[in-house]
Amino acid sequence: MNQPVAAAPEPPYLRALNPPQRDAVLTTDGPVLVLAGAGTGKTAALTARLAHLVYTRRAWPSELLAVTFTNKAAREMKERVGRLVGEQVEGMPWLGTFHSVAARMLRRHAELVGLQSNFTILDTDDQLRLLKQLIAAADLDEKRWPARLLAGLIDRWKNRGWTPSQVDAGESEGYAAGRGAELYARYQERLKALNACDFGDLLLHMLVILQTHRDVLEHYQQRFKYILVDEYQDTNQSQYLWLRLLAQERKNICCVGDDDQSIYSWRGAEVANILRFEKDFPGAKIVRLEQNYRSTPEILAAASGLIAHNGGRLGKTLWTDHQGGEKVRVVGVWDGPEEARRIGEEIEAHQHRGGRADDCAILVRAQFQTREFEDRFIAIGLPYRIVGGFRFYERAEIRDALAYLRIIAQPADDLAFERIVNTPKRGLGDKAVARSTAWRAPRTSRCSVPPPRSSTATS
């Protein structure tokens with residue numbers, strides 16, 4: 001008599017998930033859009049989905065493409081997946097930020113856009129210095145037409161997936177009476193001469209390659225059996241087009257995002273990308289994660305009351321099992337100093353009630369806003385700590401060290417040379433530095449050195 005077959009034990013990564021999260025994990029084939037409100041465990045669902053695809057052998061780790069926006073989010077995702085699937089996470093080379101994944105691809109196909117595989121990625125500082133050179137060469141007043149303005153326009157065009165030839169006259173009018181597109185083209189030419197690109201180029205170059213080289217597109221469409229995208233509401237046009245091309249063949253794409261949290265339109269993010277997901281991928285399954293594990297009912301009620309007034313949204317209602325919590329207070333103040341004074345008084349009152357200063361956190365939108373708080377806290381003797389500051393690679397000494405490494409790897413890197421030629425100080429004045437830079441530049445007008453006389457020539 002045949003014995004009944006025991007049911008296979010449930011994988012550990014499914015045990016802590018609620019029903020909608022399980023749905024997001026177990027719906028493996030076809031397009032899936034996961035609408036995840038704040039604090040609803042979307043990272044847990046996303047990492048469990050990655051683990052499930054590997055655990056069930058639907059794909060090898062190297063056949064998964066998983067992209068997010070920050071290195072911190074990518075590290076957290078990799079660590080979580082590693083705890084679920086062990087050493088197999090090391091076989092996921094395509095888990096990272098949009099820019100890191102695009103850079104990995106571009107180094108394999110750099111020659112298709114006129115670069116070498118060891119190209120340099122410029123930071124903002126080098127980008128601005130290069131643009132200032134181009135502005136000066138175009139006989140424009142940099143005070144009237146600052147390099148930062150041109151850099152912002154070029155970044156916006158690249159976020160839209162536009163090459164210089166695709167920038168129309170109306171867009172070009174935003175700089176130097178219509179010369180924006182011309183300077184954009186010169187900038188791209190100069191980058192190629194330096195064997196360099198900026199961060200916007202990483203995606204733009206790969207988008208151009210995928211659009212113009214069918215064999216490369218088909219290679220990646222076949223390689224990536226499943227695509228997972230975090231924070232989809234923050235994608236710009238270039239990222240959206242890149243993802244849509246890669247997913248068109250298999251259509252196994254899962255995007256996790258929240259149309260109510262799209263706050264980065266100022267840097268190119270388009271909430272329309274998440275709103276038209278069902279149109280781009282007909283038959284897509286929509287999963288809503290609505291149980292909030294982070295906030296109190298009072299906070300959710302206040303947030304939902306505000307969000308309900310938004311017209312362009314797919315809609316969801318957050319709820320929580322948590323009980324109690326303080327009501328949300330909205331306090332209006334005249335200016336920054338008054339805000340700092342009132343918050344300082346509240347922290348002191350909290351301490352007088354037996355609380356600690358490190359129970360309190362102040363969130364600001366921009367770093368310059370901390371100045372008023374610092375002045376006030378110093379005046380009243382309240383200890384504080386600023387979290388954040390300059391990023392590691394933006395520090396001057398780190399940029400200098402990287403410039404030395406760049407000049408070793410690429411002796412023709414003029415931007416790196418300009419940075420280190422007088423760092424540390426070598427007694428060179430501005431004129432000497434300018435002459436050495438000009439001597440390095442490839443100019444046809446440079447005087448050539450006559451060849452030596454033949455030893456057989458007669459006197």
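Okay, residues lined up against (1) of a type outside the set (A, V, I, L, M, F, W, C); (2) modelled with pLDDT of 90 or more; (3) part of a helix (DSSP H, G or I):
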site: Ile274; (1), (2), (3): no, yes, yes
site: Ser304; (1), (2), (3): yes, no, yes
site: Asn310; (1), (2), (3): yes, no, no
site: Lys316; (1), (2), (3): yes, no, no
site: Leu363; (1), (2), (3): no, yes, no
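Does Leu50 satisfy the criteria of being closer than 30 Å to Ala196 by Cβ and of a type in the set (A, V, I, L, M)?
no
Give region 367-402 a look and list any residue that's exposed (fewer than 11 other Cβ atoms within 10 Å of the Cβ), modelled with pLDDT under 80 and not in a helix (DSSP H, G or I), or say none.
Listed by number, the residues that qualify are Gly388, Gly389, Phe390, Arg391.
Tally up the residues in region 196-220 that are under 16 Å from Arg104 (Cα atoms) and either part of a loop (DSSP other than H, G, I, E, B) or among the aromatic types (Phe, Trp, Tyr) (or both), please.
Result for region 196-220: 3.
For residues that are of a type in the set (Gly, Ala, Ser) and part of a helix (DSSP H, G or I), scanning just region 178-193, find the one that is nearest to Thr120 (Cα to Cα).
Of everything passing the filter in region 178-193, Ala193 is nearest to Thr120 (Cα to Cα).
Only one of Tyr184, Tyr175 is modelled with pLDDT under 95, hydroxyl-bearing (Ser, Thr, Tyr) and crowded, with 20+ Cβ neighbours inside 10 Å; which?
Selected residue: Tyr175, the only one of Tyr184, Tyr175 that is modelled with pLDDT under 95, hydroxyl-bearing (Ser, Thr, Tyr) and crowded, with 20+ Cβ neighbours inside 10 Å.
A quick yes/no check of all residues on (1) part of a helix (DSSP H, G or I); (2) touching a Ser or Thr at 6+ places or on another chain (Cβ under 8 Å); (3) within 16 Å of Leu318 (Cβ to Cβ); (4) modelled with pLDDT of 95 or more:
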{"site": "Trp242", "(1), (2), (3), (4)": "yes, no, no, yes"}
{"site": "Asp260", "(1), (2), (3), (4)": "yes, no, yes, no"}
{"site": "Ile263", "(1), (2), (3), (4)": "no, no, no, no"}
{"site": "Trp266", "(1), (2), (3), (4)": "yes, no, no, no"}
{"site": "Lys279", "(1), (2), (3), (4)": "yes, no, no, no"}
{"site": "Pro282", "(1), (2), (3), (4)": "no, no, no, no"}
{"site": "Tyr293", "(1), (2), (3), (4)": "no, yes, yes, no"}
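So the check is Cβ under 8 Å with 6+ separation or different chains; which pairs have a first residue in region 289-302 that's under 17 Å from Gly257 (Cα atoms) and a second one that's among the acidic types (Asp, Glu) and surrounded by fewer than 15 Cβ atoms within 10 Å (Cβ to Cβ)?
Gln291/Asp321
Which of the residues belonging to region 250-305 are surrounded by fewer than 16 Cβ atoms within 10 Å (Cβ to Cβ) and among the hydroxyl-bearing types (Ser, Thr, Tyr)?
Across region 250-305, the qualifying residues are Ser265, Tyr293, Ser304.
From the list Glu171, Glu189, which one is free of Cβ contacts under 8 Å to residues at least 12 places away in the same chain and among the charged types (D, E, K, R)?
Glu189 is the lone residue from the list that is free of Cβ contacts under 8 Å to residues at least 12 places away in the same chain and among the charged types (D, E, K, R).
Which one is nearest to Arg419 (Cα to Cα), of the residues in region 155-177 that are part of a helix (DSSP H, G or I) and in contact with a Ser or Thr (Cβ under 9 Å, 6 or more places away or on another chain)?
Going through the qualifying residues, I end up with Lys158.
The conditions are (1) touching a Leu at 6+ places or on another chain (Cβ under 9 Å); (2) surrounded by fewer than 20 Cβ atoms within 10 Å (Cβ to Cβ), and Asp139 fails exactly one of them. Which is it?
Only one criterion is unmet by Asp139, namely (1).
Could you give me the residue pairs with C-beta distances under 6 Å whose first residue belongs to region 248-273 and is in contact (Cβ under 8 Å) with a residue 24 or more places away in the chain and of a type in the set (A, V, I, L, M), whose second residue is in a helix (DSSP H, G or I) and crowded, with 19+ Cβ neighbours inside 10 Å wherever it lies, and which are 6+ apart or on separate chains?
Within 6 Å, the pairs are Ile253/Ala247; Val256/Lys42; Val256/Leu46; Ala269/Asp234; Val271/Gln233; Val271/Asp259.
Can we say Arg214 is surrounded by fewer than 16 Cβ atoms within 10 Å (Cβ to Cβ), without any contact (Cβ under 8 Å) to a residue 60 or more places away in the chain and not small (Gly, Ala, Ser)?
Yes, satisfied.
Only residues in region 324-350 that are closer than 22 Å to Tyr384 by Cα count as the first member; pair them with residues that are exposed (fewer than 10 other Cβ atoms within 10 Å of the Cβ), Cβ under 8 angstrom, at least 6 apart or cross-chain, and list the lot.
Final answer for the pair search is Arg342/Val331; His350/Asp359.
Restricting attention to region 115-154, which residues are in a loop (DSSP other than H, G, I, E, B) and under 24 Å from the mean Cα position of the chain (by Cα)?
The answer is Leu115, Gln116, Ser117, Asn118, Phe119, Leu122, Asp123.
Tell me which of these Ile154 doesn't satisfy, since it passes every other one: (1) among the β-branched types (Val, Ile, Thr); (2) buried (at least 23 other Cβ atoms within 10 Å of the Cβ); (3) closer than 21 Å to His109 by Cβ.
If we test Ile154 against (1) among the β-branched types (Val, Ile, Thr); (2) buried (at least 23 other Cβ atoms within 10 Å of the Cβ); (3) closer than 21 Å to His109 by Cβ, just (3) comes out false.
If you go through region 142-162 one residue at a time, do you hit one that is β-branched (Val, Ile, Thr), under 30 Å from Asp215 (Cβ atoms), outside the structural domain of Ala409 (by TED's automatic domain parsing) and free of Cβ contacts under 8 Å to residues at least 24 places away in the same chain?
Checked region 142-162: no residue is β-branched (Val, Ile, Thr), under 30 Å from Asp215 (Cβ atoms), outside the structural domain of Ala409 (by TED's automatic domain parsing) and free of Cβ contacts under 8 Å to residues at least 24 places away in the same chain.
The values are calculated or read from the model by the stated rules, or taken from the named source; none is laboratory data. On a predicted model such as this, the values are computed, not experimentally measured, just so you know. Quick reminder, even Gly has a Cβ in these numbers, built from the backbone with ideal geometry, and neighbours come from all protein chains shown.
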